[in-house]
Amino acid sequence: MQTIRDRVMRREPMEPGEQIGLYGWLFGSYHLLQKHLVADVAEYGLSGGQPKILFAVARHPGCTQKELAAECLVEQATVTVLLTRLEEQGLIERRAAQGDRRAWHVYLTQDGQQVLQQILAVMRCLEDVFFGGISAEEKEVFLRVLRHGVGNLL
């Protein structure tokens, strides 16, 4: 019997029902979580891509816009637009890099840190809903398998 992997390696199409597997569940859950997150963070005046930028800046204070684009897997032009909006909202600040007038280092403001904490609270609530009815052990196994799979892809 031919496996899906055999067909993929030969570039043969999968049947529609076979496509729900990993991609279907990951994409579906991602989109549902993102839909709820975007709706919940809208009350803070944020759009869909902005929380990701805030988290990256929190992890890497003083990073450049180029580094943010690489970290967030988006184009530099997209980062520039998102940072401009976040700066207008008073959530980040850009400081000129010494010796390079074209480069800017990005930092969270106090307001940005507070909004980030509120976003984390929203994400914890969404995670609680997602894992509702699932034991702590099952959750840990799920996350371990997911981390392992991601590690395999890196």
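Computed from the coordinates by the stated procedures, all read-outs in this text should not be read as laboratory data. Since the model is a prediction, treat every value here as computed from it, not as a measurement. Neighbour counts are summed over all protein chains in view; Cβ atoms, including those assigned to glycine, are modelled from backbone coordinates with ideal geometry.
Taking the stretch 43-104, which GluC sites (Glu not before Pro) meet the DSSP loop condition and have no more than 12 other C-beta atoms within 10 Å? Working shown, then result.
On the way: sites: Glu43, Glu67, Glu71, Glu75, Glu87, Glu88, Glu93; in loops: Glu75.
Filter output for the stretch 43-104: Glu75.
Between the Cα long axis of helix 50-59 and the first principal axis of the chain there is an angle of about 80°, rounded to the nearest 10. Counting only alpha carbon atoms, the long axis of helix 22-41 and the longest principal axis of the chain meet at about 30°. Per-residue extension of 0.36 nm, minus the Cα-Cα distance of His31 and Glu127, leaves a gain of 33.2 nm for this segment. All C-alpha pair distances within the chain, sorted into 10 Å bins from zero, spread as 9, 28, 29, 21, 10, 2, 0 percent across the bins.
The string of couplings for the stretch 77-84 from the Karplus curve (6.51, -1.76, 1.60, θ = phi - 60°) is 4, 5, 4, 4, 5, 5, 5, 4 Hz, one whole number per residue in order, with x for Gly and Pro.
Seen against the Cα atoms of the chain and their longest principal axis, helix 110-130 is set at about 20 degrees.
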